[in-house]
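Read through the structure below, which is laid out as structure tokens, and then see the notes.
Laboratory data are not the source of any read-out in this text; all were calculated from the coordinates shown. Fair warning: this is a prediction, and the values are worked out from it, not measured in the lab. A quick note on method: Cβ atoms are made from the backbone with ideal geometry, for glycine too, and the neighbour counts reach across all protein chains shown.
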Amino acid sequence: MEEKQVANGTPQRVAYEKITRKDLNKVFWRLQIWGLNLTSTLVSTQANGFLNAMTPVLKRLYGDADQATRSRAMQRHLLYFLSQITATGMILGITAAVEETTTEDEKEAVVAIKAGMMGPLAGIGDSVFKITIQAIAGSIGAAYAMEGSILGPILMFLIYNGLNIGVKYYGIIAGYEKGMEFIQSGEQAKVMQKIINISTMVGVIVLGALIAQYVKINVGTEIKMEDTVISIQELLDGILPKFLPLLFTLGLYKLHSYMPRKYLTYLIFGILVIGTVLAVMGILV
């Protein structure tokens, strides 16, 4: 590792600067095309996918090294890894920077930084993409689709994937160029927590609006008392508008938390069957 003297006489490391933008572009395309879960295993989860994405960087840094050094570099990235795929772009960029700026005796830092980032960034990725952006893109697309416009699915696809692909790519670039400064500043935990909190709040607001707008449950039952007809639905709306859609959504959320994912298809068909039967009976309209 090269060193230079700074003002106070303390040696400061200088990156080798072997990794090129072309290498980082290759990392992006491997992440975009192959993802992380294509080669997921029970032992190391997404490690094979992470190593596949890191291969252009490892070839650049260790292409001329001996076989033992190359093997150790690959083994470092075959250790357990699990994170959200979009946010992994940032982890790949920072990992590339750490690989380039550490000596062979310091490579434990690569594993430590990956392990430290994959959890917090997974939280950010899930909050931003799985909750907020998917909900916003879906609501915009659904609004057009319910009017019979083909723009609905097209807009949903473009909005979500445009942001998803852009964050992956610029996450890799920014992670490589600025990631080490971010880690060394000690502010990453505070920033990540703020992002998670803001994304969660936005996601809850959007989902609340979606429930009110698109989850429709109307009770068709009426109570007749001599000349007076009391509508159960109007009575519920007078107490708390959209109460049944909210109750239905919260019930499904609670049920989903206890139900294995393999039964979700049965749950969907069950809702369709029960809804149809209640509609035929006139209980729901």
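Highest average first, the peptides 89-96, 256-263 ordered by how many other beta carbon atoms sit within 10 Å of their residues are 89-96, 256-263.
When you filter the trypsin sites (Lys or Arg not before Pro) in the range 216-256 for DSSP loop state and at most 15 other Cβ atoms inside 10 Å of their Cβ, you are left with 216. In order along the range 257-269, phi translates into HN-Hα couplings of 5, 9, 8, x, 4, 5, 9, 5, 4, 5, 5, 4, 5 Hz, rounded to whole numbers, per the Karplus curve 6.51 cos²θ - 1.76 cosθ + 1.60 with θ = phi - 60° and x for Gly and Pro.
Which entries in the list 22/130; 168/262; 18/130; 18/178; 130/254 go over 25 Å, if you measure between the two C-alpha atoms of each? Too far apart for the 25 Å limit: 22/130; 168/262; 18/130.
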